[in-house]
Amino acid sequence: MARVYLETSFFSACVSDRTDAASVYRREQSRQWWARQRERHQLLISPEVLTELSNPVFPLADLAMKMTVEIEILPLTQEVRGVAKILVGEKVMPGPEESGDAVHVAAAIVHRVEYVLSWNVRHLANMNKLEHLRIICQRLGYMPPMITTPEVVWGT
């Protein structure tokens, strides 16, 4: 059973009502992953996911928040905050260091999560960042998580 961190964009894709081709694809892939894979893995989120989903401008937030009810919440410890700061400082993740992408990745790193599922291909599920992330994690004594979109690893 793999430890899988679900980043905010995963939930957003699941509940999206957008009709453009890319959004429809992400919604279908995310829903299929949720239906087929969620029981096979230890699902994890952080308070950062809940904060982002509870933003009043987030469309369909209620539906997304309902999906998180039974998912384990990883604490955002000082260690997580410190790693987030390093990720921003080393330009692996964009700032700010106290929220967003850096916090998602830092939580996954510190809590030894194997996979991060995200549709954020600019900053998270970006093959160009993986080697840089691996180097920083190695220097800090951590193993980096595999950051990927839902269909890549499990082929929904």
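A few comments on the model shown:
- A single member of Val105, Val24, Val69 is of a type in the set (Val, Ile, Thr), more than 26 Å from Arg134 (Cβ to Cβ) and in a helix (DSSP H, G or I), and it is Val24.
- Residue tally, condition exposed (fewer than 15 other Cβ atoms within 10 Å of the Cβ) and of a type outside the set (D, E, K, R), over region 3-31: 5
- In region 27-63, residue nearest to Ser99 (Cα to Cα) [restricted to those that are among the aliphatic types (A, V, I, L, M) and either under 14 Å from the mean Cα position of the chain (by Cα) or not in a helix (DSSP H, G or I) (or both)]: Val49
- For Leu43, the stated conditions hold: it is closer than 21 Å to Ser16 by Cα and surrounded by 14 or more Cβ atoms within 10 Å (Cβ to Cβ).
- Cβ-Cβ contacts under 9 Å between residues 6 or more apart (or on different chains), taken from a first residue in region 59-70 that is within 14 Å of Leu43 (Cα to Cα) to a second residue that is surrounded by 14 or more Cβ atoms within 10 Å (Cβ to Cβ) and modelled with pLDDT under 90, are absent.
- Beta carbons closer than 6 Å, at least 6 apart along the sequence or on distinct chains, pair a first residue in region 112-136 that is at pLDDT 90 or above and in a strand (DSSP E or B) with a second that is among the hydroxyl-bearing types (Ser, Thr, Tyr) and surrounded by 13 or more Cβ atoms within 10 Å (Cβ to Cβ) for Val116/Tyr5.
The values are calculated or read from the model by the stated rules, or taken from the named source; none is laboratory data. The model shown is predicted, which means the values in this text are computed figures rather than measured ones. Counting neighbours? That spans all protein chains shown, and the Cβs are built from the backbone with ideal geometry, glycine included.
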